[in-house]
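Each remark here refers to the structure printed beneath this line.
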Amino acid sequence: MIEITNLHAMTKDGKAILKGLNLTVNAGEIHAIMGPNGAGKSTLAKVISGHPDYEITSGDILMDGQSLLEMDPEDRARLGLFMSFQYPPEISGVSNSEFLRYAYNAVLKARNEDEMSVEQFSTYLTTKMLEVEMRKEFTERNVNEGFSGGEKKRNEVLQLAVLNPMMAILDETDSGLDIDAIRIVSRGVNRWMSVNKGLILITHYQRLLDYIPPHFVHVMVDGRIVQTGPASLALELEEKGYDHLLAVEEV
């Protein structure tokens, strides 16, 4: 699905953020990335998705064998890449249904498939909203405008369900959610996940992984993955923290 090799990236002002990162996510796998603040987790997500604030200085990112480095963000999305934001933005003047219909039709067009009419998409969207347990009234509200933190995160899971990408990166989807909201969001993600898709979860806490169990847990420190293990590694990190890993890096 996605293969990242020796990835180095820096900000536009020359600050190195990713320092030789390697990661492979195969179809059907869920990978969790954890680590202390400032480790580069969110930067990794942005670099994969093509954020213009970062420059890749060496390494490569392959998705289904194709390099993403020269692709614009929209081309990466058409290829089947999806990213949720740690802080989902508001889009004034654009309703949820309108935004999702244009986005989904862009995906269909890229696949050389017939686009959906307003009526066809309305039926499709209703089905997906039931899957992620969102009320119909959210379709006509502007994207994330006036939404609570939990509603914004559920709205991103709705986007995931509608666009149905092959590879998703969810950046702190559990941030600011109470237990009930985490359960609802997790159910939506699990319904989307399948044996031919890949998922990267960026999180600080074990609690999300109770609902979306990962196949692998990776620990990022200072722009690199310094430890990889099974799902139980997250429990170990919850107990011990990151101090012992930070001490090793400083040596």
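A short reminder: the numbers here are calculations on the coordinates, not readings from a lab. Just so it is clear, the model here is predicted, and its values are computed rather than measured. Don't worry about glycine lacking a Cβ; one is built from the backbone with ideal geometry, like all the others, and counts go over all protein chains shown.
Annotations
- Here, P(r) means the percent of Cα pairs in each 10 Å bin from 0 to the largest distance; for the range 94-246 it is 10, 35, 31, 17, 6, 1.
- For the range 199-216 versus the range 118-134, the gap between their alpha-carbon centres in whole angstrom: 27
- Pairs of lysine residues in the chain that meet both criteria, 8 or more places apart or on different chains and Cα atoms under 22 Å apart, total 22.
- Annotation: the residues S122, S186, S232, sorted from fewest to most other C-beta atoms within 10 Å of their own C-beta, follow the order S232, S122, S186.
- Helix-only CD estimate at 222 nm, as mean residue ellipticity for the chain, using -39500 (n - 2.57) per DSSP H run (n ≥ 4): -11500 deg cm²/dmol
- Looking at the range 48-197 alone, DSSP beta bridges between its own residues are antiparallel in about 50 percent of cases.
- Neighbours of G93, meaning other residues whose beta-carbon lies under 12 angstrom from its beta-carbon, give a summed charge of -2 when Lys and Arg score +1 and Asp and Glu score -1.
- Extension gain (nm, one decimal) between D72 and T57, 0.36 nm per residue minus Cα-Cα: 3.7 nm
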